[in-house]
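Quick one: the structure is below, questions incoming.
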Amino acid sequence: MVKRKIIIEPDPILRKKSSILEKVDDELRELMDDMLETMYSAPGIGLAAVQIGILKRVVVIDVSKKDEKKKPLFLVNPSINHKSKNLSVHEEGCLSIPGHFAEIERPAECNLTYIDYDGKKRELQAKGLMATCIQHEIDHLNGVLFIDYLSKLKKDMIIKKLKKQKKDIDQVIL
Ligand code: ZN
């Protein structure tokens, strides 16, 4: 497992749509292992392949608590086929938007189909934090970030700060 570099907003790749995968093979499993390693060491609870620069519809998630056994979930070609009408609010952050958080309202439950680590087709009924996390990660596959749900003013402010942070980091490297 290799830790990969996480892409930080603003970056045009984060706005691109990821493509469907044809099959689950060893190469893809290696990518999923790397994504899990990258997510755990960040640390984060979800990561989409686009966040490490790969435009494929793959997501890793683990919403288990610190002292619990790890429960990684690998989603290949995830597709939501039902969202509940009732909504819930979670404070969301994103590994591509470090240091910024906002309360986002989303459907409280969702039902999805996906292909798992072994290439088997599966269905999942998600609620609570898991449902929020799944919707956040699937948004990434469609080039959508959580800041897109905020007012233009708030969003622009966050992007401005991220740009400045990036510049500061570059200067340190130079
Ligand atoms: Zn994210």
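Taking the stated definitions as given, is VAL76 among the β-branched types (Val, Ile, Thr), outside any loop (DSSP other than H, G, I, E, B), within 16 Å of the ligand (Cβ to nearest atom) and crowded, with 19+ Cβ neighbours inside 10 Å?
no
Free of Cβ contacts under 8 Å to residues at least 60 places away in the same chain, within 16 Å of the ligand (Cβ to nearest atom) and of a type in the set (Gly, Ala, Ser) - does that describe any residue in region 85-96?
yes
Kindly list, by first and then second residue, each pair from a residue in region 126-151 that is over 19 Å from PRO98 (Cβ atoms) to a residue that is part of a loop (DSSP other than H, G, I, E, B) and within 14 Å of the ligand (Cβ to nearest atom), limited to pairs with Cβ atoms under 6 Å and residues at least 6 apart or on different chains.
LEU129/VAL63; MET130/VAL63; LEU141/SER18
For residues that are closer than 18 Å to ASP116 by Cβ and within 12 Å of the ligand (Cβ to nearest atom), scanning just region 50-73, find the one that is surrounded by the most Cβ atoms within 10 Å (Cβ to Cβ).
Taking the candidates together, the pick is VAL59.
From SER88, SER18, grab the single residue that is surrounded by fewer than 20 Cβ atoms within 10 Å (Cβ to Cβ) and under 30 Å from ASP156 (Cα atoms).
SER88 is the lone residue from the list that is surrounded by fewer than 20 Cβ atoms within 10 Å (Cβ to Cβ) and under 30 Å from ASP156 (Cα atoms).
Sticking with this structure for a sec: Consider region 21-47. How many of its residues are exposed (fewer than 14 other Cβ atoms within 10 Å of the Cβ) and either under 18 Å from LEU141 (Cα atoms) or among the acidic types (Asp, Glu) (or both)? Walk me through it before giving the result.
In the first step, residues of region 21-47 are kept if they are exposed (fewer than 14 other Cβ atoms within 10 Å of the Cβ); the result is 22-23, 25-27, 30, 41, 43.
Restricting the remaining residues to those that are either under 18 Å from LEU141 (Cα atoms) or among the acidic types (Asp, Glu) (or both) gives 22-23, 25-27, 30.
Final tally of qualifying residues: 6.
Looking at (1) within 16 Å of the ligand (Cβ to nearest atom); (2) over 24 Å from ARG29 (Cα atoms), which one does HIS140 not meet, given that it meets all the others?
(2)
In addition: Failed condition for ALA131, given (1) surrounded by 11 or more Cβ atoms within 10 Å (Cβ to Cβ); (2) hydrophobic (A, V, I, L, M, F, W, C); (3) more than 14 Å from the ligand (Cβ to nearest atom); (4) over 21 Å from ARG57 (Cβ atoms), with all others met?
Unmet condition: (4).
When TYR117 is evaluated against the numbered criteria (1) more than 16 Å from the ligand (Cβ to nearest atom); (2) assigned to a loop (DSSP other than H, G, I, E, B); (3) surrounded by fewer than 16 Cβ atoms within 10 Å (Cβ to Cβ), which criterion, by number, is the only one it fails?
Checking TYR117 against (1) more than 16 Å from the ligand (Cβ to nearest atom); (2) assigned to a loop (DSSP other than H, G, I, E, B); (3) surrounded by fewer than 16 Cβ atoms within 10 Å (Cβ to Cβ), the one that fails is (3).
No value in this document is a laboratory result; all are computed from the given coordinates. Values in this document were obtained by computation on a predicted structure and should not be read as measured data. With ideal geometry, Cβ positions are generated from the backbone for all residues, glycine too; neighbour counts draw on all protein chains shown.
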